[in-house]
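All of the numbers you see were taken from the coordinates with simple rules; none came from a lab. Given the structure is predicted, the values throughout are model-derived calculations rather than measurements. Glycine also receives a Cβ, built like all others from the backbone with ideal geometry; neighbour counts cover every protein chain displayed.
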C-alpha cells in the first residue's frame, strides 16, 4: 500500500530538487499561453530555468508548477512522443474542447492515471465515462492497457491519450487553465479567480490506478487545490484521496463533483414554462382545487441526507385525481425532500417558496399563497389531457433539479391526498414553520444596514416590490429577512436583492432614502416613496399574496386587520376577497397595506400610526392564532388589558357596532391623533 | 416648438461592437458600436441615440428564399459572392445578414461547407456580418462551432439564441469573441430571462443584442412594438438585464397576403412599402438594427431615418 501523505512529501521534496537541474529553454507550439498553468497562476511566461524557479517559489513550491516545467523541458529535449500520444495540445483544439464544455455536449472532464490491475477494468471505466458524456484524458500505463483491450482512443472517441507516463497528466491541468483563460474571463496572474473557476466551473475528476511514483503522487495530489476529487482504486491509503471500487468510481466521482446528466424535458402531459406563470384558473375552468380555505392543504420542503431519498421519486398517498369529484375541494399535502452537497437547512424556506412559481409554470396548474395557506387548482383542460396529482410531483421534482443544479443532487416529492394523513403531516409542517419563525425573532431593523427586496411576484404584479426587514417579513409571510439574505447568496441575480437602507427620512414611518432609491428602480419608476412602518403614508405596494390586510377605519380612528382565511364581511363593509381585489396588483393604496400575520407581533407594526394601540378589529380566529404571543408582546409594552379591547366579528360586525364596542371598552385609538 | 423630451431616465443601453477592422484584428472596412442610448430614439439632437443600422439579409440557398427578392435580384441570388458584392456596392446597407438556410434542407450534413460559405461572404464584403445558423437543434453544436471558427477575429453577430437553445451560440461567442442575438417570443420577461441565462453561462452584456421577434405591420406588429417599448423603458429606467440594443427583422412582411397577392406590376412596391413602414415603426420603438430583404427598401429607409433626425446620417468609419 502507498501512503499518500508520505509519498506526497517525498515527491514534493524530489520535485524541488529536480527543478534546478533544468538546463534547456523550452516552449510549446500553437499556444498563446506559454506554460499555461504557470502563466495562469502568476502571469509570468516561463521558458527557462530562472523563470521556472521564480514561478515555483512564488506559488509556494507548487508540485503542479514544478511538474509542468520539468515536463516542458523534457519535451523540448527529447521531442514529442510518437502517436498515439498527443502530448501538449494546442490552443485551436482547446478552443473546440472549451466550446463543447460550454455548449453542454461534454458534461465534464476526467483524468485517468496509473496501471490498472486487470485489463478489463480501465476499459469498463472508460466506456462508462463515454456514456456519461465525459471527455477523458489518459496518462501512463493505462493507455497500453486500453489499446491491448481493443479500446479505440482519440478525440473523436472522447478518450485522449496524453502520454506514456502519469507525468503527462499535467496537460490535463494546462487544458483547464487555458479554458479558464479563454472562456472564464480569468486573467493571467489572477490566482484567486483561476482557483475559483477550476473549483466551481471546471467539472473535472481524477481517477488513480496503482503504481504512481512519489513525484506523480505529489502532482496528482496537487490537483486537489483546483477542487478536483481524486478517486483511487486500490493501493493508496491516507491523505484526502477518496477510495472507490472500479465499478462505482465514475458515479462516485461525478456525484462528488456535482456533474449530472441534465433533466431537459419534464415527462408530464401538460406544458411547463414561465410563459404560463401569469395565468390563473378561474372557478369555471377548474376541475379540482386544494386548500384556499376550502380544504386543508400545506406545503413543506425539507432537507434530507442523500441516502434517505431517491432522486426523482414521486409518491402519492391517498386518492388520485380519478376518484375526485369535478368541482370539489380536496385535502393536499405537498412534501418535498431534497438533498445536496451544498444544500443548507437555512435554504429550506427559500426553496419552498419556489413551489409557488413551479406549480404556476404548469399550463393547467395554479398556485397561490404559501405554507398551510396554499390554494392549488388543476384545470379541466389539463385533467382531460391526463394530468394527475402525480404529475404535479413530477413537475416539482424536475423543476427543482433543473433550476438548482448546483444545489440539489436529489429531489423526491410526496403528495398526500388522504384526509387523515394530511392533517397528521400538517402538524409536523407547523412545527417546522414555527421553528423557522423563531430564528428571526429577536433581530431588530436598527441592527442592520441592509434590507432585502423580493420581486418574485412581478410576474403577476409587474411593479410590485417587497422590502423585507428583520422586523417586517414579506407580506406573504413566507420570506423573512434571513431568507432574503440566503436567497441572495444562492442566486445573486435572483429576485431577492440587497437594499441599502441609507439615510433616515422619517424614522417614525420608516422611510429611508436608500429604500426609496431602490423602490423607484425596481418598480420601474412607478413608485417614488415607501414607508416601511406606515399604512397611511406611502405604504408598501401589494402583489396579491398577502396573508392579511391592514386598513384604516376613519370612523373609529383606528386600523383593522383581516386575514385571508376569514370569509365574512368586515366592519369596513368589505370581505377579504373584495379588499384583496382592490389593493393588489402592485399599487400603492394609502390607508391599506398587505401584511404577514407575524408582522402584527412586530414592534414596528403600525409604528407610523402610533403603534399597536391603533388596532381596533381582527377576526377571532386570527386573534386566537396570535393570542399567546400577542398577549406576551402587549405585556412587555405595559398594555396587559389591550388584547381584549381588540374587537372581532363576535363583538362587532359593522362599523356602528364597532364604534359602540370601542367606546364601551375605552379603546385607546379613540383618543389618538386623528388618522386623516 | 417641440418640447424638450426629458423623462429622467437613469439607464444607458449597453454598447455592442459589430465587426472588426484590420486595426481591431479583423478584416472589415468598418466596425460599428451600436447602443449607448440614454433616451428614446429620434429625440435627442446629440448623438446618444444615432439612427439605426440597416442590415441586408441574404442566404446561401436561394430556392428557399422569398420569390419576390429572387425575381427582383435575378441570377444574382444563385451566386452568393456576387449577391454579397452587389449588396455592398449597389444596395448599400450598413451590414450584411447571412442566413445559412441551406441547413434547412432535409438531412443536411455539409457542415464544413458552411465554414467555406462564411469565408466566401467575408471575402466578398468589407461590411460587418450577422450570421444566422441552423434551425435544427441537432446540428446546432457543429454549425455554430464552424461559424464561430470561420469568423474568428471578425466580431460577428451570431443568431439566434432562444431560451430552449442558447448554449451552442453562447459557446461560439465565448470561444471566438462574437456577439449573440437573443430572441424571445414578444415578451419582456422572457427577454430578460434569456439575457440572464446568457449572462450566467458567461456571455458579457456587451455581446448581446435583443430580438423581441417582429411581426409584420398589420400582422401582430403592435405586439412586437409594445414588447420593444417595454424592454426599452425598463432598460432606461435602470434594468441592466434588458439594457441591450435591439435588432428587428420583419421577415414575414414578404409573405403576407397583401404582398403575395399584389398585382404583379405593383408587387415590388407593395413589398417595399410594407418592409419600409414596419422598419420605421420598429426604429421608432427603439431598434438599433433593422433588417430588410428587398434591396429597394434600404435607400428609402435610410432617407426616412435621416428625415426623422436631421443630425444623424450614415456613420463614419470608426
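Structure above, values below:
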read-out	value
Simple label model, 7 Å out from Cα along Cβ direction - residue B:7 to residue B:116, nm	5.0 nm
Theoretical FRET efficiency, 1/(1+(r/R0)^6), r = Cβ-Cβ of residue B:38 and residue B:89, R0 41 Å, to 0.05	0.70
Along each principal axis, Cα extent of region B:80-159, largest first, Å	37, 26, 18
Footprinting exposure proxy for A:168, B:223, B:176, A:661 (fewest neighbouring C-beta atoms within 10 Å first)	B:223, A:661, B:176, A:168
Inter-label distance, nm, simple model (7 Å from Cα along the C-beta direction), residue A:508/residue A:380	5.6 nm
Percent of Cα pairs exceeding the 19 Å cut-off, where the set is region B:176-243	31 percent
Sequence of A:38, A:534, A:328 once ranked by neighbouring C-beta atoms within 10 Å, starting from the fewest	A:328, A:534, A:38
Relative contact order of region B:16-306, defined on C-alpha pairs under 8 angstrom at six or more residues apart (%)	20 percent
Cα-based convex hull volume of region A:274-419 per residue, rounded to whole Å³	98 Å³
Equivalent ellipsoid dimensions for region A:62-136 as semi-axes, Å, which come from the Cα gyration tensor, largest first	25, 20, 12
Protection proxy ranking, peptides A:87-97, B:230-240, average beta carbon neighbours within 10 Å, highest first	B:230-240, A:87-97
Model label zone, residue A:245; criterion: amide N under 11 Å from point 7 Å along Cα-to-beta-carbon; scope region A:117-151	none
Convex hull volume per residue in cubic angstrom - Cα atoms of region A:28-101	103 Å³
Fraction of beta bridges assigned by DSSP in region B:97-187 that are antiparallel (%, nearest 5)	10 percent
Intensity falloff of region B:16-306 expressed as log10 I(q)/I(0), Debye formula with alpha-carbon point scatterers, at q = 0.15, 0.16 Å⁻¹	-1.18, -1.37
Nearest 10 degrees, 0 to 90: helix A:91-103 Cα axis against chain A principal axis	30 degrees
Backbone N under 13 Å from the residue A:115 label point (7 Å along Cα→Cβ), restricted to region A:159-180	A:165-166
P(r) of region A:91-211 over all Cα-Cα pairs, binned every 10 Å from zero, in whole percent	14, 46, 30, 10, 1
Computed over region A:324-376, the ratio Rg/Rh where both radii use C-alpha atoms and Rh is Kirkwood	1.04
Value of D in µm² per second that Stokes-Einstein yields for region A:445-671, Kirkwood Rh from Cα pairs, at 20 °C (1.002 mPa s)	121 µm²/s
Label point distance in nm, residue A:196-residue A:147, each placed 7 Å from Cα along Cα→Cβ	4.3 nm
Chain A - Kirkwood radius from inverse mean 1/r over Cα pairs (Å)	28.8 Å
Cut-off 18 Å, label 7 Å out along Cα→Cβ of residue B:308, residues of region B:75-110 by amide N	B:93-95
Stokes-Einstein translational diffusion, region A:175-287 - Kirkwood Rh over all Cα pairs, 1.306 mPa s, 10 °C, in µm²/s	90 µm²/s
Average partner coverage of B:164-176, which counts Cβ from other chains inside 10 Å	5
Theoretical ellipticity at 222 nm over the protein assembly as shown - DSSP helices of four or more residues, -39500 (n - 2.57) apiece, nearest 500	-11000 deg cm²/dmol
Estimated Rh, region A:557-617: Kirkwood, alpha-carbon pairs, angstrom	12.5 Å
Whole-number D in µm²/s for region A:349-470 (Stokes-Einstein; Kirkwood sum over Cα pairs; 4 °C, 1.567 mPa s)	77 µm²/s
Acute angle (nearest 10 degrees) that the helix A:620-636 long axis makes with the longest principal axis of chain A, alpha-carbon atoms	80 degrees
Normalised contact order of chain A, rounded percent, pairs of Cα under 8 Å and 6 or more residues apart	9 percent
Gain upon complete extension [residue A:156, residue A:27; 0.36 nm per residue less C-alpha separation]	43.7 nm
Tilt relative to chain A, helix A:389-403 - C-alpha long axis, 0 to 90 degrees, to 10	50 degrees
Net length gained if the chain between residue A:640 and residue A:133 were fully extended (0.36 nm per residue, minus Cα distance)	175.7 nm
Semi-axis lengths, Å, region A:439-542, gyration tensor of Cα atoms, sqrt of 5 times eigenvalues	18, 17, 12
Kirkwood estimate for region B:182-318, i.e. one over the average of 1/r between Cα atoms, Å	15.9 Å
Fraction of antiparallel bridges per DSSP, the protein assembly as shown only, in percent to nearest 5	40 percent
Shielding of A:520-527 by partner chains, average beta-carbon count, 10 Å	4
Residues A:654, B:21, B:117, sorted so that the one with the fewest Cβ neighbours within 10 Å comes first	A:654, B:21, B:117
Efficiency of FRET between residue A:5 and residue A:450 - r from beta-carbon atoms, R0 30 angstrom, step 0.05	0.10
DSSP-defined antiparallel bridges as percent of all bridges, region B:16-306, nearest 5	15 percent
Computed over region A:618-676, the ratio Rg/Rh where both radii use C-alpha atoms and Rh is Kirkwood	0.98
